[in-house]
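Peer 1: Next up is a structure, given as structure tokens.
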Amino acid sequence: MITEKGGKPRSEQFEQNELTIGRVQGNDIVLPKGNISKRHSRIVLRDGKFIIVDLKSTNGTFVNGKRISSPQVLKDSDKIYIGDFTLQLEPKPGEKPSSGKNGSAQAEPPPPMDDPPGPDAAEKLFDDGEEDAPRGSTGAADELIPDDEPAMEPAIPPRLPTPPPAPKPKPAVVEAREELPRQREKPQPVAKKSTPGMKPPAMGFKADLPPLVALQARGAVFLSVSKALAGDAGLPPDDEGSVEKARAVVEKTLGSLQSKLKGANTDRWAEQIAAELTGYGPLTELLEDPNVVEIFVNGPHQILVRRAPESSSVGIPLTPVSAYFSSDEAVALVVRRMMHAAGLKFDAEHPVAEARLADGTRVNAVHHAACVRGPLITISRTSTRQATLAELVDEGWLSKGMADFLTVCLKARRNICVCGGPGAGSGTLLAALAAAIDHEERIVLVEQVARLKLPQPHVVTLEPRPVRGGPSATNMRELVGNAVRMRPNRVVVHEVNGGEALELSMAMAGRQDGTLFSSYASTARDCLDRLETMIRMAGLDVQAKVVREQIAASVNVVVALTRFADGTSRVTQIAEVTGVEVDLVTTQDIFTFKRERLDDDGHVQGRFQATGSQPRFYEELQRRGDHVDVGIFREH
């Protein structure tokens, strides 16, 4: 018996010794839901007992509310929970298992076994399991998720319990009951077995490392030399004399450890360790490469990068770097040097730091005191390409009608919010909109870390700056409030994430027209709700209704971006804020993106479309005599 949550039970009858359960055709029981794996579970008839086996599914198989980690013998009253479905095995009513009447083909009992199933049998039951359904996924989202995502191998299952002998097997009818609350156990990470052509997991991106003993020796050499050369703030000097001294000390120390370094190539160790002591180590060459757009340091022995030409940064794969650091301390020293120039501390007491280098490169680091795998560094390079709306139209980010509408919004001095998830490209679109502002206007740009470059001659950029070893001297809220007092024609705020939302909304409602800002949200509704939350985080004791009226009076248009699984970004929604009704900020969609299918290469195919709604402020423009093209709003 099978019942979907909230649905009616249905029964299916099988006269065979084995059933497979999954979400795709080809399984004996098909459960077409996104939280079901392709091949999720298997029920096997063995020695008169039914055995349930989880096929390495992502969301797990539960029996009586408890997730199973090994093959389990089912009792008559046991209930099986798989995703949104409940299943129960029952004897076929009114018919003996071996009757074979009316010409029906009854399942033959399996041949007797010399020995009960043991670990080998259990492992065999696990052999062709798959992990391909994301946790908590839905049917729509599941289409965009690749089926070859890597993960870790599960632990070897325990020995299968020995089932007692039993009479001839009974054909079963599978039945579902109303789903009961069950214990939610944390799913264990599992993985597919490697197959030819499968993309290697990121955990396999490692440099060609020397033996462990040699790595330990290199770490000891680094630590010894760093203590000998420590200068102000514990940082060795970076002048030429210090570099040569570091090389000499390293070479001398390596000479005394030759017995432990057999089999390791130490030809460049002196140069590499000296670079870690006096500079940025293996990051120096990567930072000098203009095609490197992102650098990820996952502990001392794994460095991954994304390289791309300046014309595009969409869908860039991660590639490993052959270089590596000497130890956790070497990574931490390089980060301390980066943060020292920005006036920040980086140690066990200050384990998280973020700064901008002189060339605009953004650096985020986490100390190994707060990490499992060692110090982490995330480096993002400021793009040197200045995108325009026309270029984004050519790249498929939005349609020409959308771009024309946004251009009218800029000229009409509408307040525009650009939102999207991390990596969706909200900063790129915000910069493209800001670049379309008239070159005669004064623009004040406020950013948490300066990244945007605008082409206008009269642009001033503000960013919070820390006090050495202490908290920030200024925060985003103070800078946004001050930007309004700098007599700007336009205010542009990149990444509104806190109490600065209050100052910004008050400025926009107070006739600071033509303001542009960005925030993290996936839809216009989510963006407005998040904006309300951030305003209330500012600490003012005001009613929710007042906050919503403030938002409706300040934000005119919301542009939502989505980054799809194929790496492309598109404007999926442009909505006009229309007011407040029943304590809710209301909107109407002007343009949307309709996703239609995936092509053979896994790329998302769809079309931009107008909803047929015309923005309300267009009536005001027409009364003023401005020429506007209303044809872009016709449904098509």
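The values are calculated or read from the model by the stated rules, or taken from the named source; none is laboratory data. Just so it is clear, the model here is predicted, and its values are computed rather than measured. Here the Cβ positions follow ideal geometry from the backbone for every residue, glycine too, while neighbour counts run over all protein chains shown. Remember, those area values only see protein heavy atoms, side chains included, never the ligands or the DNA or RNA. Shrake-Rupley method; radii C 1.70, N 1.55, O 1.52, S 1.80 Å.
Peer 1: Sticking with the crude label model, points 7 Å out along Cα→Cβ, report the distance from residue 542 to residue 478 in nm, one decimal please.
Peer 2: 2.2 nm
Peer 1: From Cα pairs below 8 angstrom and at least 6 apart in sequence, can you work out the relative contact order of segment 17-91, rounded to a whole percent?
Peer 2: Numbers: 154 pairs, mean separation 16.6, N = 75.
Answer for segment 17-91 is 22 percent.
Peer 1: At 1.4 Å probe size, with the rest of the protein present, what percent of the exposed accessible area of segment 356-484 is carbon and sulfur atoms?
Peer 2: Here it works out to 53 percent.
Peer 1: Related question: Please compute the modelled spin-label separation between residue 566 and residue 227, points set 7 Å along Cα→Cβ, answer in nm with one decimal.
Peer 2: Using points 7 Å along Cα→Cβ, the separation is 5.7 nm.
Peer 1: Estimate the FRET efficiency between residue 588 and residue 364 by the formula 1/(1 + (r/R0)^6), using the beta-carbon distance for r and 35 Å for R0, to the nearest 0.05. It would help to have the intermediate numbers written out before the result.
Peer 2: Details: r = 38 Å, r/R0 = 1.09.
Efficiency computed from Cβ-Cβ geometry: 0.35.
Peer 1: So, counting K/R as plus one and D/E as minus one, what does the shell of residues with Cβ under 13 Å around residue 446 add up to?
Peer 2: Charge balance near residue 446 sits at -1.
Peer 1: Could you tell me the calculated FRET efficiency between residue 66 and residue 394, based on Cβ-Cβ distance and R0 = 56 angstrom, to the nearest 0.05?
Peer 2: 0.55
Peer 1: Now for a separate question. For residue 248 and residue 372, what does the FRET efficiency come to when R0 = 41 Å and r is the distance between their Cβ atoms, rounded to the nearest 0.05?
Peer 2: So, using R0 = 41 Å, E works out to roughly 0.70.
Peer 1: Also: Heavy atoms only, 1.4 Å probe, whole protein assembly: order 81, 324 by accessible area, highest first.
Peer 2: Order by accessible area, largest first: 324, 81.
Peer 1: Using a cut-off of under 19 Å, list every residue of segment 506-531 whose amide N is near the label point 7 Å from the Cα of residue 458 along the Cα-to-beta-carbon line.
Peer 2: 512-516
Peer 1: For labels at residue 616 and residue 319 in the simple 7 Å Cα→Cβ model, what's the distance in nm?
Peer 2: Computed distance between label sites residue 616 and residue 319 equals 5.3 nm.
Peer 1: I'd like the trypsin sites (Lys or Arg not before Pro) in segment 483-559 restricted to DSSP loop residues with at most 13 other Cβ atoms within 10 Å, sorted by number.
Peer 2: Numbers: sites: 485, 490, 511, 525, 530, 536, 545, 548; in loops: 485, 511.
Answer in residue order: 485, 511.
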